[in-house]
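What follows draws every value from the coordinates through simple rules; no lab data is involved. Since the structure is predicted, the reported quantities are computational estimates derived from the model, not experimental observations. Virtual Cβ from ideal backbone geometry, glycine too; neighbours counted across all protein chains shown.
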Amino acid sequence: MSSIHMVLQGKGGVGKSFAAALLTQYMMLKGRNPLCIDTDPINATFHGYKALKAQRLQIMDGDEINPRNFDALIELIAPSQEDVIIDNGASSFVPLAHYLLSNHVPALLQEMGHELVVHTLVTGGQALLDTLSGFAQLVTQFPDGSTRFVVWLNPFWGQIEHEGKGFTELKAYKDNKHRVSSIVQIPPLKEQTYGRDLSDMLQKKLTFDEALAMSSLSIMTRQRLKIVRDNLFNRLDQSAVLA
């Protein structure tokens with residue numbers, strides 16, 4: 001049985017493509033060869049990672065998203081013997097979620113022998129309440145029994161806490177924790193060192209392996225990127241996201 005990993009969150013700029021790219025690299029380290037698909041009609045960041053060979057799915061008809069174009073996504077997924085990773089943009093979040101639910105896609109994938117895993121991000125700062133709401137909406141809308149959820153906590157915009165409570169203490173999580181199989185805590189990174197090096201790498205759409213092989217990068221830049229990679233992969237190991 002292959003797993004279909006969809007990165008979904010209605011809020012833009014919260015790290016969806018980063019999560020998709022990191023998950024892909026992690027799978028490759030584990031000897032898997034996932035099929036990667038980018039359905040973002042505006043910012044196809046995932047597709048920009050040449051080393052990951054993500055296919056870009058065209059869902060636009062002129063200036064409008066045509067939900068019927070998502071049929072092509074199912075045709076790509078259905079025969080796959082490998083895991084699939086799908087990065088979806090904020091602008092196509094509502095159409096894709098409606099398509100999946102109205103067409104009973106989670107149950108269909110289950111019948112085909114696939115497991116649907118929805119990855120969603122929660123961030124700190126001003127986007128905290130929006131991303132919490134997005135998480136709760138997804139969990140309540142997608143059917144129990146045919147969908148597994150992984151929550152990524154991204155502190156890039158600030159600490160993930162509300163009124164002194166961390167994510168696992170908040171009502172949104174407590175009400176839905178039985179649906180969450182894994183939590184991935186992205187570590188905060190010092191802006192002038194680790195954070196800057198990672199940001200530069202992401203802007204260039206490079207994988208960790210590509211960056212670490214570049215002699216044009218300083219020794220310490222590559223050392224910091226290696227530490228970040230190992231830290232992130234260790235957290236994915238601990239979270240058992242591929243269970």
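Quick notes
- Evaluated with a Cβ-only charge set (Lys, Arg +1; Asp, Glu -1), the chain carries a dipole of roughly 760 debye about its Cα centre, given to the nearest 20.
- Pairs of lysines in the chain (C-alpha under 14 Å apart; 8 or more residues apart or interchain): 5
- Size of the chain: Rg and Dmax of its alpha carbons, in Å, are 17.5, 52.
- Beta bridges by DSSP in the chain, antiparallel share as percent, to the nearest 5: 10
- Available extension along the chain between D175 and Q141 is 10.9 nm, counting 0.36 nm per residue and deducting the alpha carbon span.
- Among Q185, Q81, Q126, residue whose mean-square fluctuation peaks in a GNM of the chain (springs only between Cα atoms under 10 Å): Q126
- Taking other C-beta atoms within 10 angstrom as a stand-in for reagent exposure, F135, F142 fall in the order F142, F135, fewest first.
- Highest-MSF residue in the chain out of V84, V117, V180 [GNM, Cα springs under 10 Å]: V180
- Kyte-Doolittle at least 0.5, axis length at least 15 Å by Cα - qualifying DSSP helices, the chain: 16-29, 128-141
- Region 145-243: GluC sites (Glu not before Pro) falling in loop per DSSP and having at most 12 other Cβ within 10 Å: E163
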